[in-house]
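See structure below.
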Amino acid sequence: MGEDRQRWEERYSGGRRHLDEGPSEFLVLHAHLVKGRVLDVAAGEGRNALFLARRGNPVEAIDISFAGLRTLRAAGLAERLDVQAVQTDLESFPLPLARYAAVINIRYLQRSLFEPIQRAVKPGGIILFETFLIDQLALGHPMNPAYLLQHGELRAAFSGYEILVYEEGFFPSRRHPAHLARMVARRPHPGGIEFSGTL
């Protein structure tokens with residue numbers, strides 16, 4: 001945990017406010033599907049957690065960096081938002097079972113979390129996932145293939161879920177253009193009960 005935590009502490013203590021970047025454009029587009037308590041995995045300074053909390057969602061934000069969560073907590077308190085910050089190492093922290101209406105995972109990849117994330121969502125709840133594809137190597141960040149998805153990998157990892165949205169490719173965002181896999185998936189109800197609601 002030490003080396004990884006130090007890297008993120010340095011990033012979030014460097015004076016640049018990542019909050020100013022605003023929430024994920026993919027999250028903004030599909031936020032209407034997020035209803036109820038949310039888990040934000042690897043939340044950083046909380047740009048996505050705060051966006052959802054401002055929409056009325058209770059949010060639990062997990063990250064390894066104290067500096068990042070301190071920024072999130074200060075913003076949440078200033079706006080009286082329902083945001084809880086949990087500093088921990090996701091490599092060893094057990095996610096609760098069937099607690100959340102939604103889990104979001106934005107630009108972070110830890111393959112060992114694929115199954116725990118799926119179990120953390122209540123039946124009928126959603127997972128919104130956005131992270132880098134292997135093609136991102138051409139742009140220079142991340143450089144470690146361990147943090148990059150192969151084509152089709154994300155869909156395969158969540159094949160037991162109802163895939164509502166799935167897309168892969170280069171997305172020319174005005175802030176951070178990137179090669180991404182992006183997915184919204186819903187946890188089935190036991191017995192295959194049909195879902196209500198549409199995109």
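Some values worked out for this structure:
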item: Prolate/oblate/rounded label for region 75-199 (Cα gyration tensor, a/c 1.5); result: oblate
item: Antiparallel DSSP beta bridges within the chain, percent to nearest 5; result: 45 percent
item: Cα gyration tensor category, rounded, prolate or oblate, for region 129-177 with a/c compared to 1.5; result: oblate
item: Using a Förster distance of 30 Å, the FRET efficiency for Q84-A156 (Cβ separation, nearest 0.05); result: 0.40
item: Gain in span if fully extended, R175 to R119, counting 0.36 nm per residue against the direct Cα distance; result: 16.9 nm
item: Unit charges on C-beta of K, R, D, E only; dipole of region 22-67, Debye; result: 240 debye
item: Separation of the L29 and Y147 label points, Cα + 7 Å toward Cβ, nm; result: 2.4 nm
item: Most to least packed among 62-70, 30-38 [average Cβ atoms within 10 Å]; result: 62-70, 30-38
item: Over region 22-117, relative contact order from alpha-carbon pairs under 8 Å, at least 6 apart, %; result: 31 percent
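Readers should treat all values here as calculations from the given coordinates under stated rules, not as data from a laboratory. Only a predicted model underlies this, so the values are computations on that prediction, with no experimental measurement involved. Every residue, glycine among them, receives a Cβ derived from its backbone with ideal geometry; neighbour counts consider all protein chains shown.
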